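Trainee: Handing you this structure, nothing more for now.
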Amino acid sequence: MTELFDKDCIYVSDAKNKEDLFYYIYQKLLEKSFVKENFYEMILEREKNYPTGMDMSVVNPNLSNIAIPHTEPSTVNVTKIIPIKLKNSLKFNNMIEPDKEILVDFAFMILNKSGGEQTNILSQIMDFVTKTEDIGKMFESNDVDYIYNFIKEKF
């Protein structure tokens, strides 16, 4: 499933909050025509109503928490997974306990133009994160080439 990833769509962000992160990624993806004009507004709304932060300590206490932000198929033009290394841990609300904030160090933004594959894509990300033995190395890396090659080899 590595066709879900593009090397030039892996980002390392120094955003200070998730709104700035989403805007930065939105601008990059809009330049590539991967998303539509309303993407930024819709991903903020979706994140507010349906948080995407995932507390990974229940799976492995050594793993960084992740977020899997996504929005409606009508806001995107492609089906891709956008890996984002966060240089600064960002607050996301927990998917399971929406009133609880967690600090996230890595995000997998899902762009899904068809909608029907959403559960499958989410499942593949969770399998990758929970079953890949040395995933922590990727979560810690600020090197786009390393992240891309890690995903290419192990996803």
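Trainee: Applying the selection to the stretch 102-142, what residues are surrounded by fewer than 14 Cβ atoms within 10 Å (Cβ to Cβ), among the acidic types (Asp, Glu) and assigned to a loop (DSSP other than H, G, I, E, B)?
Mentor: Hits for the stretch 102-142 are Glu133, Asp134.
Trainee: Look at Val58 and say whether it is hydrophobic (A, V, I, L, M, F, W, C) and without any contact (Cβ under 8 Å) to a residue 40 or more places away in the chain.
Mentor: Against the criterion (hydrophobic (A, V, I, L, M, F, W, C) and without any contact (Cβ under 8 Å) to a residue 40 or more places away in the chain), Val58 qualifies.
Trainee: A further question follows. Suppose we keep only residues that are assigned to a loop (DSSP other than H, G, I, E, B) and among the polar types (S, T, N, Q) within the stretch 72-98. Which one would you say is surrounded by the fewest Cβ atoms within 10 Å (Cβ to Cβ)?
Mentor: So the residue we want is Asn77.
Trainee: Also, quick follow-up: Within the set of pairs 6 or more residues apart or between chains, which connect a residue that is within 18 Å of Ile68 (Cα to Cα) and modelled with pLDDT of 95 or more inside the stretch 22-41 to a residue that is of a type in the set (Lys, Arg) and in a helix (DSSP H, G or I) with Cβ atoms less than 9 Å apart?
Mentor: Phe34/Lys28
Trainee: Looking at (1) touching a residue at least 60 places away in the same chain (Cβ under 8 Å); (2) surrounded by 12 or more Cβ atoms within 10 Å (Cβ to Cβ), which is the one condition that is false for Lys152?
Mentor: Here Lys152 clears every test but (2).
Trainee: Related question: Looking at the stretch 11-39, which of the residues that are hydrophobic (A, V, I, L, M, F, W, C) and over 22 Å from Pro73 (Cβ atoms) is nearest to the chain's Cα centre (by Cα)?
Mentor: The first filter runs over the stretch 11-39 and keeps only residues hydrophobic (A, V, I, L, M, F, W, C), leaving 12, 15, 21-22, 25, 29-30, 34-35, 39.
Add one more test, that the residue is over 22 Å from Pro73 (Cβ atoms), and what stays is 12, 15.
On the way: Val12: 12, Ala15: 14 Å.
Among them, the one singled out is Val12.
The values are calculated or read from the model by the stated rules, or taken from the named source; none is laboratory data. This one's a predicted model, so the numbers in the text were calculated from it and none came from an experiment. Neighbour counts run over all protein chains shown; Cβ positions are idealised from the backbone, glycine included.
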